[in-house]
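Asker: There's a structure below that I have some questions on.
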Amino acid sequence: IDRLQTMQECRNAVLVTLLEAFAVEMEKGTERERVLKAALEEHQCVPCSPNGVALKKCFELVDPQSEFAAMFEDTDGMFPSASVCRSVLARQAMLKLGLHRDSVPWEFIIERAQTIGSLYELDYGKALKRVQLILQSVQKSIALCKGFVPEKARALTHVPFLPVKKQKPERYPL
C-alpha cells in the first residue's frame with residue numbers, strides 16, 4: 001500500500017509539472033503548447049477527490065474554489081485533488097483546459113438536481129443550499145445562452161428538486 005501511495009504521489013508530481021509547463025506556454029502559440037494541450041485534453045490524467053485514485057479530464061471537474069463547488073460533495077469525485085490544486089500555475093492550466101469555475105454544464109445541473117430528494121432526508125439545510133445553487137446555475141446558464149434554453153436543459157423540468165413544486169410558475173423559463 002505504501003508503494004501505491006508513492007506511485008500516486010509521483011504521478012501527481014509529473015502531472016503538476018506538465019500542467020505548469022503548459023501554463024508557462026499558454027497563449028504563445030508554440031508547438032510545445034499545442035502538444036501539451038493535446039495530451040492533457042486527450043487523457044484522463046487529473047486525480048480527483050476524494051482520494052486521488054480516479055482520473056478525469058479537466059472539463060469533467062469543478063474548481064473547488066468556485067461558487068458552485070457546494071453543489072458537490074468530496075465523495076462525488078468532481079474536484080481535482082488538493083495535491084494538484086496547490087500549484088497556482090497548475091490551477092491556471094486546468095482552468096484553461098476546461099475546469100469549471102464560473103458556470104457548470106447543464107448535465108451537472110440536472111445530475112445535482114436529482115440528488116436533492118435524498119439529500120432532503122439527510123440534511124435539509126444542505127439540500128436548500130444546493131437548490132439555491134442549482135437555481136443560480138440555471139439563471140447563469142440561461143444568461144450565457146442569451147435566453148435560449150437548450151433541449152437537454154428541459155430535462156430539468158421533470159426533476160422534482162424544488163422544496164414545493166405544485167405547478168410551474170407562469171414565466172418559468174424551463
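Asker: Would you tally the residues in the stretch 63-81 being open to solvent by 60 Å² or more (accessible area, probe 1.4 Å) and either of a type outside the set (Ser, Thr, Tyr) or without any contact (Cβ under 8 Å) to a residue 24 or more places away in the chain (or both)? Before you say what the answer is, go through the steps one by one.
Answerer: Applying the first criterion (open to solvent by 60 Å² or more (accessible area, probe 1.4 Å)) to the stretch 63-81 yields 65, 67, 74-75.
Checking the rest, the ones that are also either of a type outside the set (Ser, Thr, Tyr) or without any contact (Cβ under 8 Å) to a residue 24 or more places away in the chain (or both) come to 65, 67, 74.
Adding up the residues that qualify gives 3.
Asker: Next question. Give me the helices (runs of 4 or more DSSP H) completely within the stretch 29-136, filtered to those with at least 3 residues that are in contact with a Ser or Thr (Cβ under 9 Å, 6 or more places away or on another chain), ordered by residue number.
Answerer: Values: elements: 31-42, 82-85, 88-96, 106-113, 116-122.
Answer list for the stretch 29-136: 106-113.
Asker: If a residue must be open to solvent by less than 20 Å² (accessible area, probe 1.4 Å) and over 10 Å from the mean Cα position of the chain (by Cα), how many such residues does the stretch 88-105 contain? Full working, then the answer.
Answerer: Let us first name the residues in the stretch 88-105 that are open to solvent by less than 20 Å² (accessible area, probe 1.4 Å), namely 90, 93-94, 97, 99, 104.
Next, only the ones that are over 10 Å from the mean Cα position of the chain (by Cα) stay: 90, 93-94, 97.
Of the residues in the stretch 88-105, 4 are open to solvent by less than 20 Å² (accessible area, probe 1.4 Å) and over 10 Å from the mean Cα position of the chain (by Cα).
Asker: Can you list residue pairs whose Cβ atoms sit under 6 Å apart, with the first residue in the stretch 91-106 being at positive phi and touching a residue at least 12 places away in the same chain (Cβ under 8 Å) and the second being surrounded by fewer than 20 Cβ atoms within 10 Å (Cβ to Cβ) and in a helix (DSSP H, G or I)? Count only pairs 6 or more apart in sequence or on different chains.
Answerer: Going by the 6 Å Cβ cut-off, the qualifying pairs are Gly98/Phe59.
Asker: Check Ser103, Ser87, Ser83 and return the single one that is more than 30 Å from Ser141 (Cβ to Cβ) and of a type in the set (S, T, N, Q).
Answerer: Numbers: Ser103 fails: more than 30 Å from Ser141 (Cβ to Cβ); Ser87 fails: more than 30 Å from Ser141 (Cβ to Cβ).
Exactly one residue qualifies, and that residue is Ser83.
Asker: Next question, about the same structure. Quick check, is Val14 in a loop (DSSP other than H, G, I, E, B), open to solvent by 60 Å² or more (accessible area, probe 1.4 Å), farther than 30 Å from Ala143 by Cβ and aliphatic (A, V, I, L, M)? Walk me through how you get there before you give the answer.
Answerer: Working: in a loop (DSSP other than H, G, I, E, B): no; open to solvent by 60 Å² or more (accessible area, probe 1.4 Å): yes; farther than 30 Å from Ala143 by Cβ: yes; aliphatic (A, V, I, L, M): yes.
Criteria not met by Val14.
Asker: Could I ask something else about it? Only one of (1) modelled with pLDDT of 75 or more; (2) surrounded by 10 or more Cβ atoms within 10 Å (Cβ to Cβ) fails for Leu174. Which number is that?
Answerer: The one condition Leu174 does not meet is (1).
Asker: Here's something else I'd like to know. Looking only at the stretch 120-163, count every residue that is surrounded by 11 or more Cβ atoms within 10 Å (Cβ to Cβ) and among the small types (Gly, Ala, Ser) and tell me the total.
Answerer: 5
Asker: Quick one: would you say Lys57 is within 29 Å of Glu111 (Cα to Cα) and open to solvent by 60 Å² or more (accessible area, probe 1.4 Å)? Talk me through it step by step, then tell me what you get.
Answerer: On the way: within 29 Å of Glu111 (Cα to Cα): yes; open to solvent by 60 Å² or more (accessible area, probe 1.4 Å): no.
It is false that Lys57 is within 29 Å of Glu111 (Cα to Cα) and open to solvent by 60 Å² or more (accessible area, probe 1.4 Å).
Asker: Can you work out which of the residues in the stretch 27-43 that are under 26 Å from Ala54 (Cβ atoms) and open to solvent by less than 60 Å² (accessible area, probe 1.4 Å) is nearest to the chain's Cα centre (by Cα)?
Answerer: Residues of the stretch 27-43 that are under 26 Å from Ala54 (Cβ atoms), as a first pass: 35-43.
In the following step, the residues that additionally are open to solvent by less than 60 Å² (accessible area, probe 1.4 Å) were identified as 36, 38-40.
Values: Leu36: 21, Ala38: 20, Ala39: 20, Leu40: 16 Å.
The selected residue is Leu40.
The values are calculated or read from the model by the stated rules, or taken from the named source; none is laboratory data. Note that this is a predicted model, so its numbers are computed, not measured. Methodologically, a virtual Cβ is constructed for each residue, glycine included, from the backbone with ideal geometry; neighbour enumeration extends over all protein chains shown. Calculation scope for accessible area: heavy atoms of the full protein, side chains included, ligands and nucleic acids excluded. Shrake-Rupley method; radii C 1.70, N 1.55, O 1.52, S 1.80 Å.
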